[in-house]
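Encoded as structure tokens, the structure appears first; notes follow it.
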Amino acid sequence: MKAKLLISLILLFTGAVVFSQIHLQKGSEICSQKKINSPGVLDPGDSPGSPKHSFDVLDYKMNLDIRSCFITPYPKSYTGSIVVKFRVDTALSSISLNAVNTSMQIISVGLSGVSFTHASNILTITLNRTYTPGEITEVLINYQHLNTSDNAFYTGNGGVFTDCEPEGARKWFPCWDKPSDKATVDITVKVPGNVKIGSNGRLNDSLVTGDTIYYHWISRDPVATYLTVLTGKVNYNLNIVYWHKLSNPADSIPIRFYHNSGENPANIQNIIGTMTTYFSQKFGEHPFEKNGFTTVPVSGFPWGGMENQTLTTLQANGWGENLVSHEYAHQWFGDMISPATWADIWLNEGFATYTEALWYEKTGGYTSYKNDINGDAQNYLSNNPHWPIYNPDWAINTPPNGTLFNGPITYYKGACVLHMLRYVLQDTNVFFNCLRGYATDTANFKHKTATTDDFTAKISQIAGQDLTWFIEQWVKQPDHPIYQNYYQITTNGGNSWTVGFQARQTQSTTPFHKMPLTLKITFATGADSVFRVMNDANNQYWFWQFNRQPLTFAFDPNNDIVLKTATTTVGTVGITTNGNEVPGVFTLGQNYPNPFNPVTYINFDIPKNSNVSVRIYDITGKTVQEIFNGVCAPGKYKADVDGTNLASGIYYYEINANAIEGSASFKDVKKMVLVK
């Protein structure tokens, strides 16, 4: 409802009202709404092996005559040519490119291309011979963009802009339109003399001929096709701010601000230098030879932003700090390092949303940062659609925009995962070393692409510990843990107290989530005690002895595990002294319910301090779950069993207990039935 209301406000009101909305709303929310509502063309012709293909595009060199697009009646048709330079990876005598039939007509091919077919949005070019792996060649394509509204190439009122994510580049130039194949771009555009137009990379030169200008933009750095952009307008306003490099203050890069009449980007111009420096310190020095922002020159982009490489598109009057910090962060995460597949989109949007919070930390301190993260978590918890952040099928089959750019999952859960990684690593320096090391790895990632597993391997290397478990549970599994914990404070007499805690997860839609837990105990006298324990199995117990009186017990007191629901209540935690019943014998109770699906409970009694193990095994004797393995104090115990990942059938559960003092031991086995 909030998103729909926002869209209505933006469409119906102008001036200060719109400006206020943009400034107050989160950049991630505006970005998500834009991308969900952007019509994208999907390619049914992609092979099951995507994104791998038989060639690697090295460069797109375009020459486009879009002069008439700026003149009434503002047609969307133009003529163009493109030279596609590529390296052969598998012996081939033809190449296939994405080119949408309803958007463009292919006129001819040349250079190494001798003939072509264009059907079902695929342009197949026959080459002049068979090329072998490692060879580099070029094909020339002459084409015409049709006078059609295709939600990728927009014209009107003297303005032109492109908008491509996820797979719309194939509507305005022939290309291999997958994020895995980045290439340099070289674009020459013919426009009227009163037009300013921006694109990727640097403005190499501009040639004025009468009432016409030829702008020549070159990106030395590879660009994903969905990040390739043209934006221009008659009498566009242009301001330029220069940022001096940290590595060489004598050198600077231009940051260009294209904006419509009546807009004032001064607030962003004033802070963009500080923001660039801060992001450079966190993630490595600004990676491009220029950067810039445009506000859309025509209708068709009523909300949001799009992080085109070195030239971000913002909605009209979209100079809000939250939106800019989100989109600008993409220059590192999304543009410099692009997702290898659409399954890895959280490496873009989760990172940019998290960077919004970091900018709050820079400008307002840790409390401001944490408030933003808590808001992200609440958005996820309230609107969770119950799918994982990472779906391997998306690497092959591009999902609908509403799924791919889902705010609660791709943006907010993704950002919260990074916050919890910061908590898991404990040392903030180690966390930022991981992000910076990932972003500055020129051999593997910088100006290249990354998969989720690539990222996992890199941060594991930098952190000096295997973090696969963390990514597997938080990124590759749906939902979140549901904690229903117990604690108990027991008076032992003689100024002695025992505190016990049992960590219990009861969710059924996602596996047990291993996490370090922070626990806080307050006392009648003296300072609080804070403990950090690793919860790596369900129903774990911890005990602490004190010579001062404990008063309260708190689980995750700072809400570091933001993706969870939790209750922590007084209950039996295996502690039995002074008024609590001490079992006289070892016992193993029958599970309840039985038969069960998928959850049941096992009760067992321990009369003295013992080493205890409880396991479940199938009819072959193979252990399928270890319920408990550790030391139990005297007490009555209740263990949860989750059979979600087990097949229907007969199982057995077994307890082995050996007293720590004396020779008492106990073993028992009972049968349980799982019926699904």
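The values are calculated or read from the model by the stated rules, or taken from the named source; none is laboratory data. Every value quoted in this text rests on a predicted model; they were computed, and no experiment measured them. Positions of Cβ are generated from backbone atoms using ideal geometry, with glycine treated the same way; all protein chains shown enter the neighbour counts.
Checking the condition within 15 Å of the chain's Cα centre (by Cα), in the same structural domain as residue 331 (by TED's automatic domain parsing) and not in a loop (DSSP other than H, G, I, E, B), which residue from 353, 367 passes?
Only one candidate passes the filter, namely 353.
Counting only residues that are part of a loop (DSSP other than H, G, I, E, B) and either within 10 Å of residue 341 (Cβ to Cβ) or not hydrophobic (A, V, I, L, M, F, W, C) (or both), how many does the stretch 385-401 have?
10
Name the residue that is nearest to residue 609 (Cα to Cα), counting only residues in the stretch 654-676 that are part of a strand (DSSP E or B) and β-branched (Val, Ile, Thr).
655
Contact list please: Cβ distance under 6 Å, first residue in the stretch 526-547 and farther than 29 Å from residue 613 by Cβ, second residue of a type outside the set (Lys, Arg) and in a strand (DSSP E or B), pairs at least six apart or on different chains.
528/522; 529/521
If you take the residues in the stretch 263-275 that are in contact (Cβ under 8 Å) with a residue 12 or more places away in the chain and closer than 15 Å to residue 294 by Cα, which one is surrounded by the most Cβ atoms within 10 Å (Cβ to Cβ)?
Here the residue is 268.
Evaluate the following for residue 112: is it in contact (Cβ under 8 Å) with a residue 24 or more places away in the chain, within 35 Å of the chain's Cα centre (by Cα) and farther than 30 Å from residue 300 by Cα?
When the stated conditions are applied, residue 112 does not pass them.
At pLDDT 95 or above, farther than 27 Å from residue 155 by Cβ and either surrounded by fewer than 19 Cβ atoms within 10 Å (Cβ to Cβ) or not assigned by TED's automatic domain parsing to the domain that holds residue 217 (or both): which single residue out of 117, 79, 72, 102 fits that description?
Among 117, 79, 72, 102, only 117 is at pLDDT 95 or above, farther than 27 Å from residue 155 by Cβ and either surrounded by fewer than 19 Cβ atoms within 10 Å (Cβ to Cβ) or not assigned by TED's automatic domain parsing to the domain that holds residue 217 (or both).
Evaluate the stretch 128-142: report whether one residue or more is crowded, with 21+ Cβ neighbours inside 10 Å, among the hydrophobic types (A, V, I, L, M, F, W, C), in contact (Cβ under 8 Å) with a residue 40 or more places away in the chain and assigned by TED's automatic domain parsing to the domain that holds residue 230.
Yes: one or more hits.
Can you tell me which residue is modelled with the lowest pLDDT among those in the stretch 640-653 that are hydroxyl-bearing (Ser, Thr, Tyr) and part of a loop (DSSP other than H, G, I, E, B)?
Applying the filter and picking the extreme gives 644.
Of all residues in the stretch 599-628, count the ones that are of a type outside the set (D, E, K, R), under 18 Å from residue 661 (Cβ atoms) and not in a strand (DSSP E or B).
Looking only at that region, the number is 2.
Name the residues in the stretch 425-443 that are without any contact (Cβ under 8 Å) to a residue 40 or more places away in the chain, assigned to a loop (DSSP other than H, G, I, E, B) and among the β-branched types (Val, Ile, Thr), would you?
442
Can you work out which of the residues in the stretch 37-69 that are hydrophobic (A, V, I, L, M, F, W, C) and modelled with pLDDT of 95 or more is farthest from residue 231 (Cα to Cα)?
55
Can you go through 231, 295, 277 and tell me which one is assigned by TED's automatic domain parsing to the domain that holds residue 189, within 27 Å of residue 337 (Cα to Cα) and polar (S, T, N, Q)?
None of the others qualify; the one that does is 231.
Residue by residue through the stretch 461-475, note down the ones that are part of a loop (DSSP other than H, G, I, E, B) and crowded, with 17+ Cβ neighbours inside 10 Å.
Those that are part of a loop (DSSP other than H, G, I, E, B) and crowded, with 17+ Cβ neighbours inside 10 Å: 467, 475.
Based on this model, can you work out whether residue 325 counts as surrounded by fewer than 22 Cβ atoms within 10 Å (Cβ to Cβ), touching a residue at least 24 places away in the same chain (Cβ under 8 Å) and outside any strand (DSSP E or B)?
Criteria not met by residue 325.
For the stretch 192-240, which residues satisfy the criterion of being closer than 17 Å to residue 265 by Cα and surrounded by fewer than 20 Cβ atoms within 10 Å (Cβ to Cβ)?
Selection gives 235, 237, 238, 239, 240.
Looking at 446, 458 in this structure, which one is over 30 Å from residue 631 (Cβ atoms), in a loop (DSSP other than H, G, I, E, B) and modelled with pLDDT of 95 or more?
None of the others qualify; the one that does is 446.
Table: residues versus (1) in contact with a strand residue (DSSP E or B) (Cβ under 7 Å, 6 or more places away or on another chain); (2) surrounded by fewer than 18 Cβ atoms within 10 Å (Cβ to Cβ); (3) in the same structural domain as residue 225 (by TED's automatic domain parsing).
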residue: 439; (1), (2), (3): yes, no, no
residue: 442; (1), (2), (3): no, yes, no
residue: 445; (1), (2), (3): yes, no, no
residue: 458; (1), (2), (3): no, no, no
residue: 488; (1), (2), (3): yes, no, no
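Residue by residue through the stretch 527-564, note down the ones that are polar (S, T, N, Q) and assigned to a loop (DSSP other than H, G, I, E, B).
538, 539, 547, 549, 558, 559
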